[in-house]
2 protein chains.
Amino acid sequence: MRILITGAAGFLGSHLSDHLLADGHEVIGMDNFVTGSPDNIAHLAGSENFSFYKRDVSNYIFVPGKVDAILHFASPASPNPQSKSGFFNLPIQTMKAGALGTHNCLGLARVQNAKFLLASTSEIYGDPEVHPQVETYAGNVDPTGTRAVYDEAKRFAESLTMAYHRFHNVNTSIVRIFNTYGPRMDLEDGRAIPNLLKQALLGQPLTVYGDGQQTRSFCFVDDLVNGIVKLLYSEEHFPVNIGNPVEMSMLHFAETINKVTGNTAGIVFEDARSARDPQRRQPDITRAHDILNWEPKIDLEEGVRRTIPFFKEKLGLV
Amino acid sequence: MRILITGAAGFLGSHLSDHLLADGHEVIGMDNFVTGSPDNIAHLAGSENFSFYKRDVSNYIFVPGKVDAILHFASPASPNPQSKSGFFNLPIQTMKAGALGTHNCLGLARVQNAKFLLASTSEIYGDPEVHPQVETYAGNVDPTGTRAVYDEAKRFAESLTMAYHRFHNVNTSIVRIFNTYGPRMDLEDGRAIPNLLKQALLGQPLTVYGDGQQTRSFCFVDDLVNGIVKLLYSEEHFPVNIGNPVEMSMLHFAETINKVTGNTAGIVFEDARSARDPQRRQPDITRAHDILNWEPKIDLEEGVRRTIPFFKEKLGLV
């Protein structure tokens with residue numbers, strides 16, 4: 001297939017590009033480098049099956065030639081208020097990527113009779129009152145809240161995707177992506193894994209907030225990409241959660257990271273914050289298992305081990 | 001003020017135009033007549049303070065001269081699956097009006113330093129699990145459901161409005177409109193009041209589904225418009241419910257309509273349907289009362305009395 005990936009220079013988009021190229025497909029990458037980085041696709045520069053367009057998908061998406069599939073991964077996604085490329089600091093661009101970007105992709109999919117796959121997110125569940133989250137759960141999102149620029153953009157994108165499927169018969173799929181980590185992730189993402197792994201590699205004590213008993217679930221990027229590709233090849237139109245359902249306490253996360261990195265500086269406990277990492281989210285992956293025969297295979301120790309070289313390089317430790 | 005009203009030829013937009021012209025403002029109407037009708041604004045043709053542009057606000061909204069306020073009321077809104085201009089049959093246009101239309105309005109408001117008022121809806125609460133609905137309730141909307149084309153478009157519009165307020169300091173307001181009736185409403189709207197009033201005026205027995213004990217709240221259009229205009233003049237940025245909180249059983253509605261119209265054909269009971277009128281929605285109007293000093297003043301009997309002449313004309317009974 002000849003596959004267009006928006007956000008191809010991002011964390012997930014670049015891994016998807018790698019995977020689909022390895023599967024023998026031709027990949028057309030598109031990115032405006034607002035949140036993605038040329039570094040993430042530099043290794044593909046010599047590949048004859050990879051081409052690239054620097055472009056804002058909210059404005060213009062047309063590419064010459066036949067397109068067989070479009071994967072829409074372009075969007076700011078970091079919830080870190082300090083990140084210049086996070087959605088708090090790019091609220092309107094984030095909403096445009098979800099609305100105009102998705103609309104442009106669906107229009108192209110329609111005229112090209114191409115498959116369309118939307119990267120949605122566990123954020124559409126908001127601050128969930130149901131655990132773990134099943135795909136039929138309607139979520140708990142305040143449309144006027146500051147996070148809504150991301151949450152409602154993705155909810156809108158899902159609705160528009162279903163409308164094109166129902167009304168124009170476009171072959172669409174929707175993946176709801178849960179917390180993911182691995183090489184090429186943004187070190188300033190602001191979430192637990194990059195924060196803790198940075199500290200560990202710098203030989204600092206790991207900061208755990210509160211008593212460390214709050215839980216998180218994280219999926220290694222290779223597992224996630226395997227699930228997305230299975231969904232791409234499927235005929236499933238309703239959303240499918242892809243993520244790692246193994247829930248661990250933050251304390252256990254920190255201990256595991258210290259163990260894998262050999263960091264002996266220990267752990268310090270600080271007062272619980274309210275602004276960041278507020279939600280407990282855990283995917284129910286029954287549908288992914290039943291429909292796609294997918295489940296994550298890489299445990300936290302192995303995932304952290306595979307992530308370390310990238311972090312060391314970014315931190316100038318090699 | 002010089003006020004741009006999108007959807008000015010619609011049920012609510014045309015009443016708003018009347019009210020604001022009577023208040024001494026200049027009104028610029030805009031409509032593409034997909035759901036609105038030239039009949040609704042025909043009486044304004046001679047007014048020197050009213051001008052009109054036939055235009056799709058999802059495409060282009062610029063008008064010459066200074067604009068002091070923009071009221072975005074353009075959108076399909078009928079939930080009747082049989083209505084050609086309802087949102088079920090215009091899913092993508094509905095989503096465009098909510099996303100692109102709102103974006104165009106906010107962009108114009110920003111460059112003109114104009115007030116922006118968004119017509120949102122009780123539909124953003126979806127199938128509510130909280131009664132009555134307060135503005136802080138996050139709602140119960142499945143983004144992949146068939147109604148989501150309207151619900152998520154309006155949720156997105158609210159989020160984008162708040163983003164422009166927070167990020168670009170645009171002076172914005174959001175009204176969440178509950179069920180409304182009155183002259184110029186769509187007789188094929190598919191909801192209870194037009195259905196029952198049509199039957200009554202034609203001397204037919206009124207159809208009540210189930211045992212008639214299910215409840216509804218309806219607001220007369222003059223009350224609604226008064227509330228919206230008060231919100232327009234306010235500095236309130238968070239959403240405000242405007243609607244009539246008086247809940248009545250469908251049986252009581254039907255009996256009132258028969259009484260006011262003098263219809264002696266009685267009432268027939270039919271099996272409850274599932275597809276239409278599924279939700280019970282009732283506004284909590286505490287915020288409207290406290291912030292705007294607003295409450296509805298016209299009861300059902302009076303409202304129906306004022307609506308009858310329009311229905312008679314449309315039904316060819318005069």
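The values are calculated or read from the model by the stated rules, or taken from the named source; none is laboratory data. None of the values given here were measured: they were computed from a predicted structure. Here the Cβ positions follow ideal geometry from the backbone for every residue, glycine too, while neighbour counts run over all protein chains shown.
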Inset, instruction - Run A:G107 past the list (1) more than 12 Å from chain B (Cβ to nearest Cβ); (2) farther than 16 Å from A:F178 by Cα and report the number of the one that doesn't hold. - result: (1)
Legend entry - Criterion violated by B:G243 - all others in (1) within 30 Å of B:D68 (Cα to Cα); (2) surrounded by fewer than 15 Cβ atoms within 10 Å (Cβ to Cβ) satisfied: (2)
Legend entry - Long-range neighbours under 7 Å by Cβ, at least six apart or interchain, first residue closer than 17 Å to B:G13 by Cβ and within 11 Å of chain A (Cβ to nearest Cβ) within the stretch B:163-184, second outside any loop (DSSP other than H, G, I, E, B) and among the acidic types (D, E): B:I174/B:E158
Legend entry - Test: residue in the stretch A:227-250 that is basic (K, R) and outside the structural domain of A:R176 (by TED's automatic domain parsing): no
Inset, instruction - Check B:E123, B:E135 and return the single one that is under 19 Å from B:P245 (Cα atoms) and assigned to a loop (DSSP other than H, G, I, E, B). - result: B:E135
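Quick grid of which residues meet (1) in contact with a strand residue (DSSP E or B) (Cβ under 8 Å, 6 or more places away or on another chain); (2) within 17 Å of A:N179 (Cβ to Cβ); (3) without any contact (Cβ under 8 Å) to a residue 12 or more places away in the chain; (4) not acidic (D, E):
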{"position": "A:G210", "(1), (2), (3), (4)": "yes, no, no, yes"}
{"position": "A:F220", "(1), (2), (3), (4)": "yes, yes, no, yes"}
{"position": "A:L231", "(1), (2), (3), (4)": "yes, no, no, yes"}
{"position": "A:E236", "(1), (2), (3), (4)": "yes, no, no, no"}
{"position": "A:V240", "(1), (2), (3), (4)": "yes, yes, no, yes"}
{"position": "A:E247", "(1), (2), (3), (4)": "yes, yes, no, no"}
{"position": "A:R280", "(1), (2), (3), (4)": "yes, yes, no, yes"}
Inset, instruction - Check off (1) touching a Phe, Trp or Tyr at 6+ places or on another chain (Cβ under 7 Å); (2) surrounded by 24 or more Cβ atoms within 10 Å (Cβ to Cβ); (3) more than 10 Å from chain A (Cβ to nearest Cβ) for B:G98 and give me the number that stays unchecked. - result: (3)
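Determine whether the stretch A:42-65 contains at least one residue that is under 17 Å from the mean Cα position of the chain (by Cα) and assigned by TED's automatic domain parsing to the domain that holds A:V229. Step through it out loud before you land on a result.
Keep residues of the stretch A:42-65 that are under 17 Å from the mean Cα position of the chain (by Cα), which gives none.
Checked against the condition, which is being under 17 Å from the mean Cα position of the chain (by Cα) and assigned by TED's automatic domain parsing to the domain that holds A:V229, the stretch A:42-65 yields no hits at all.
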Inset, instruction - Output yes when any residue across the stretch A:80-90 is at the interface with chain B (Cβ under 9 Å from one of its Cβ atoms), closer than 16 Å to B:S159 by Cα and either touching a His at 6+ places or on another chain (Cβ under 6 Å) or buried (at least 21 other Cβ atoms within 10 Å of the Cβ) (or both), and no when none is. - result: no
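Residues to consider are B:D23, B:D31; find the one that is crowded, with 18+ Cβ neighbours inside 10 Å and among the charged types (D, E, K, R).
Working: B:D23 fails: crowded, with 18+ Cβ neighbours inside 10 Å.
After ruling out the rest, the residue left standing is B:D31.
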Inset, instruction - Could you please let me know if A:D23 is of a type in the set (D, E) and touching a residue at least 60 places away in the same chain (Cβ under 8 Å)? - result: yes
Legend entry - Any chance B:V304 is modelled with pLDDT of 95 or more, crowded, with 22+ Cβ neighbours inside 10 Å and part of a helix (DSSP H, G or I): yes
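Mind listing just one residue for me: the one in the stretch A:106-120 that is within 19 Å of A:I242 (Cβ to Cβ) and touching a residue at least 60 places away in the same chain (Cβ under 8 Å) and, of those, farthest from the chain's Cα centre (by Cα)? Steps first, answer last, please.
Within the stretch A:106-120, the first condition is being within 19 Å of A:I242 (Cβ to Cβ), and the residues that meet it are A:115-120.
Narrowing the set further to residues that are touching a residue at least 60 places away in the same chain (Cβ under 8 Å) leaves A:115, A:117, A:119-120.
Values: A:K115: 20, A:L117: 13, A:A119: 8, A:S120: 8 Å.
Once the filter is applied, the top-ranked residue is A:K115.
Mind telling me which of the residues A:A157, A:A119 ends up being crowded, with 20+ Cβ neighbours inside 10 Å, at pLDDT 95 or above and within 13 Å of chain B (Cβ to nearest Cβ)? Before you say what the answer is, go through the steps one by one.
Values: A:A119 fails: within 13 Å of chain B (Cβ to nearest Cβ).
It is A:A157.
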Inset, instruction - Could you run through the stretch B:191-222 and say how many residues are surrounded by fewer than 21 Cβ atoms within 10 Å (Cβ to Cβ) and within 14 Å of the chain's Cα centre (by Cα)? - result: 3
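Restrict the check to the stretch A:285-301 and report whether at least one residue is within 14 Å of chain B (Cβ to nearest Cβ) and either among the small types (G, A, S) or touching a residue at least 24 places away in the same chain (Cβ under 8 Å) (or both).
In the first step, residues of the stretch A:285-301 are kept if they are within 14 Å of chain B (Cβ to nearest Cβ); the result is A:287.
Going one step further and asking which of them are either among the small types (G, A, S) or touching a residue at least 24 places away in the same chain (Cβ under 8 Å) (or both), we end up with A:287.
Within the stretch A:285-301, one or more residues are within 14 Å of chain B (Cβ to nearest Cβ) and either among the small types (G, A, S) or touching a residue at least 24 places away in the same chain (Cβ under 8 Å) (or both).
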Inset, instruction - Check whether at least one residue in the stretch A:45-54 is surrounded by 19 or more Cβ atoms within 10 Å (Cβ to Cβ) and of a type outside the set (F, W, Y), and report yes or no. - result: no
Inset, instruction - Report yes if some residue within the stretch A:185-196 is away from chain B (no Cβ under 14 Å) and of a type in the set (K, R); otherwise report no. - result: yes
Legend entry - Contacts under 7 angstrom Cβ, first residue in the stretch A:132-159 being touching a residue at least 60 places away in the same chain (Cβ under 8 Å) and over 18 Å from B:Y150 (Cβ atoms), partner in a helix (DSSP H, G or I) and among the hydrophobic types (A, V, I, L, M, F, W, C), 6 or more apart: A:V149/A:M95; A:V149/B:A163
Inset, instruction - Might you let me know whether the stretch B:127-144 holds any residue that is away from every other protein chain (no Cβ under 11 Å), surrounded by 19 or more Cβ atoms within 10 Å (Cβ to Cβ) and not acidic (D, E)? - result: yes
